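This report refers to the structure that appears directly beneath it.
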Amino acid sequence: MALLITGLFLSELPAQARDPGLSDRLRLPPAGFTPGGNDRHMSPSEAARIAQQQNGGGRVLAVERNDRGYRVKLLKNGDVRIVYVPGN
């Protein structure tokens, strides 16, 4: 029944709105897709490794995920540093 109603609705649209190529352009990306071509999420251990690389080493004290990436606490030369690693 829903197909019949949808079919009737589409037949009433102007020809340009029924463009068959339009449905290809409106297709949703696959689940887990992130813009930029990286279709997987960064793990906490990867975030810790990146934070260590950016700071010349250090001991990882904590890794916390937030909406923009990870917050990594490093201990280096007696100082605690907080490093933000962007990513999903």
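Among the residues of the stretch 44-88, the ones that are of a type in the set (S, T, N, Q), surrounded by fewer than 12 Cβ atoms within 10 Å (Cβ to Cβ) and assigned to a loop (DSSP other than H, G, I, E, B) come to 1 in all.
Taken over the stretch 59-77, the residue count meeting the criterion of being of a type in the set (Gly, Ala, Ser) and at pLDDT 95 or above is 1.
Within the option set Ile5, Ile82, being of a type in the set (Val, Ile, Thr) and at pLDDT 55 or above holds for one residue only, Ile82.
The values are calculated or read from the model by the stated rules, or taken from the named source; none is laboratory data. Predicted model only: the values in this text are computed from it and were never measured. Neighbour counts are summed over all protein chains in view; Cβ atoms, including those assigned to glycine, are modelled from backbone coordinates with ideal geometry.
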